[in-house]
Amino acid sequence: MSNLLKENIKIALGSIKTQILRTTLTIVIIAIGITALVGILTVVSALENTISSDFASMGANTFNINRYENTIKRHGGEERTVINPIISYPEAVAFKNKYNFPLAQTSLSFRATSTAEVKFEDEKTDPEISVLGVDEYFVTNSGLETSTGRNFNNFDISNNNYVCVVGSDFLKGILKNVNPINKIISIRGARFKVIGVLKEKGSTFGNSQDLRVLIPIQLARSLFTSPNINYSVSVMVNNKDFLDHAIDEAISSMRRIRKLSPVKENNFSVVRSDDLINRILSITQYLGWASWVIGIITILGSSIALMNIMIVSVTERTREIGVRKALGAKRSTIAIQFFIETLLIGQLGGLAGIVFGILIGFGIASALSFVFVIPWQAIMAAFLTSFVVAIVSGSYPAIKAAMLDPIEALRYE
């Protein structure tokens, strides 16, 4: 049986060599379809990994209390816009004081500005630095870490110390080639001592996470005064098994603070970190479906091309088939011969498509700063697809070859 298989493979390779141009074009057509499929799936996989790494660092045991803006609700068959009130500083502080869920830590923060100019000695940044007013729990609740120095402590926040934690991009800018710890930077005329540098986070949807400065929340409120400042509340629970219970208590506490009657809906939102990830990742599913549609349309064309080349091959080798049958070859042997030939062409096209698809996906992922990983799921899908294409495309030609009458085949000119 193994000798027969080897002989069929040799015959298939010999047939491929005699029709090298036609076979190459067929392989290219198959490769294009597989490339489209693998390339898009690779980019989608890289996008999902990027989103997961950006948001999953918050942890599955964290939730945020936010303000819903411009929420659309139906009222009497009509849509109306609901603008929820901001989370004011008194409300945020009241929540932090009244929310006493066991082993949970609450963080308050707000974005003071996104257009600050930071100075160090004779150098200064472009006015594009974000300044955040935070407390001692903000860094841990946000899934951030310091690469150098330390985080804020309770003493820093309680005493409004003029200290700050900066993003990693400062090491490439005004703090380049110096030890940033204990250096003095100036923001709006106020001098802050750098006590820590955050680990690099990169960009999320075009917004740099490394061009920012964290300062104590009370100092931020005194330096950056503007009406209607919206505060963010973040809660981290020690055990994620208690997260649902913690959220229920947080909703009750916030409703009491806002004096909402039992019949009124919440005029704030509670967003779990894992829900946020799942919502965003659900969007990428549409990209995956689009890649399958594009790939299947292209692969359909390659299937027709492969079937065509095999039908032509059967026609050209009719006398050969007649001779083999006259010498005692069984129908199954003839069919297997053409199946093997079809499988070789299909798998060569699939292999080429996988290589080019991964290269293209890697190039796009690198250009967009996505986290690239080898798309094993896409590779398995490509191998399976090319195998199915070969089976479907080779069935009719193989059956046609097996069913040829040996006498009529020997007469064929």
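Under a cut-off of 20 Å between alpha-carbon atoms, report the lysines in cross-link reach of LYS400, not counting same-chain residues fewer than 8 places apart.
LYS325, LYS330
Averaging sequence separations of C-alpha pairs under 8 Å and six or more residues apart, then dividing by the length of the stretch 94-176, give the relative contact order as a whole percent.
It comes to 24 percent, rounded to a whole number.
So, how do all the Cα-to-Cα distances of the stretch 130-229 break down into 5 Å bins, in percent, from 0 on up?
Over the stretch 130-229, the share of Cα pairs per 5 Å bin runs 2, 13, 25, 26, 19, 12, 3, 0, 0 percent.
To the nearest 0.05, what FRET efficiency results for ASP241 and TYR396 with a Förster distance of 41 Å applied to their C-beta separation?
0.10
Each label point is 7 Å from the Cα along the Cα-to-Cβ direction; what then is the distance between the points at ARG191 and ARG67, in nm?
So the label points at ARG191 and ARG67 sit 3.6 nm apart.
Sorted by accessible area (1.4 Å probe), largest first, how do LYS172, LYS201 line up?
Correct descending sequence by accessible area is LYS172, LYS201.
The values are calculated or read from the model by the stated rules, or taken from the named source; none is laboratory data. The model shown is predicted, which means the values in this text are computed figures rather than measured ones. So basically every Cβ, Gly included, is an ideal-geometry build from the backbone, and we count neighbours across all protein chains shown. Quick note on the areas: whole protein, heavy atoms, side chains included, nothing else; ligands and nucleic acids left out. Shrake-Rupley method; radii C 1.70, N 1.55, O 1.52, S 1.80 Å.
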